[in-house]
Every structure is written in C-alpha cells, then in structure tokens.
1. Any residue that is closer than 15 Å to residue 21 by Cα, under 12 Å from the mean Cα position of the chain (by Cα), of a type in the set (A, V, I, L, M) and not in a strand (DSSP E or B) - is there at least one of those in segment 66-80?
2. Does residue 55 qualify as being out of contact with any Phe, Trp or Tyr (no Cβ under 6 Å at 6 or more places or on another chain) and outside any strand (DSSP E or B)?
3. Consider residue 109 carefully, then state whether it is acidic (Asp, Glu) and in a helix (DSSP H, G or I).
4. Looking at this structure, is residue 120 among the β-branched types (Val, Ile, Thr), farther than 14 Å from residue 31 by Cα and in a helix (DSSP H, G or I)?
5. So in segment 101-120, with the set limited to residues that are over 21 Å from residue 67 (Cβ atoms) and modelled with pLDDT under 95, which one is surrounded by the fewest Cβ atoms within 10 Å (Cβ to Cβ)?
6. Among the residues of segment 99-111, write down those that are under 12 Å from residue 54 (Cβ atoms) and out of contact with any helix residue (DSSP H, G or I) (no Cβ under 8 Å at 6 or more places or on another chain).
Amino acid sequence: MGIGRRGARGDKSTKVGPSGLEQPDVVDYVVEEADGAITLRMTETRPWDGGPAQVDQLMAKLNSYVAFIRSGDLEAECIVAAGRPVRIVLQSWHMPQGEVTEAFPTIRDGLAGLGIEFDVEVAGGAGW
C-alpha cells in the first residue's frame, strides 16, 4: 500500500511536487510491504557524480527519515506502522559510484543500530 509523499517533520499534508535527494524534508514514499515491513523509499533520478554533494544530500535526507521514524510521526501518520519493522530504501535510477558507495556500509551499520534496515535498489532490479 503506497502512502504517498509526506513532510518529514510533522507536516501532515500530502506533498505534491518534487521529491528525491534534493528535497531533504520530504519523505518520498511510505509503503506497506507484503512481508509486513514498512518501507520509506527515497529516490535519486540523477546520475551519481561521485562527489561529496550527493553524499551530503543523501545524509541530510537520511537524517530527516530517521527523525520522522524516531519522533513517532511515522506511526502517527501510518497507524499500520506500529510495531512493524522499518526499512529505508534508496531507489536510484543509476548505479551509485564514487564516495557514496563508500558511505553505504557506515549507513547500514548506523541504521541497524537503530533497528532500521537500509538497502539500495537500482532501476532494472540491481541491488547494492
């Protein structure tokens, strides 16, 4: 079940407009998965340039997602999320490269410590 895009900091209105890493305060999509988990998906449609700017944008967006989850806003807006596992998925239209790939293990470990799974999906079905 797709919930849609939401403001990441207590904004209860559905967002209509741009999403992606360039919009750090917007939760791009919240999805109730068949396995019962709740997935917060973030999208990146631009090619990865290998530099620090996209890494900074990814980290800002991840911080907003974590704040959305830990503040209770996720469960307040999506009642079915209560007590379910939560994951964050970066959906990329291009294969990540450069500095961002070096950040993935640290991101995974940090989020795992909070009980949040992290994964990367690339258009065409490839994972990271």
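1. There is at least one residue in segment 66-80 that is closer than 15 Å to residue 21 by Cα, under 12 Å from the mean Cα position of the chain (by Cα), of a type in the set (A, V, I, L, M) and not in a strand (DSSP E or B).
2. yes
3. Spelling it out, residue 109 is indeed acidic (Asp, Glu) and in a helix (DSSP H, G or I).
4. When the stated conditions are applied, residue 120 does not pass them.
5. In this case the residue turns out to be 102.
6. 101, the sole residue that qualifies.
The values are calculated or read from the model by the stated rules, or taken from the named source; none is laboratory data. Source: prediction; values computed, not measured. Note: ideal-geometry Cβ built from the backbone for every residue, glycine included; neighbour counts use all protein chains shown.
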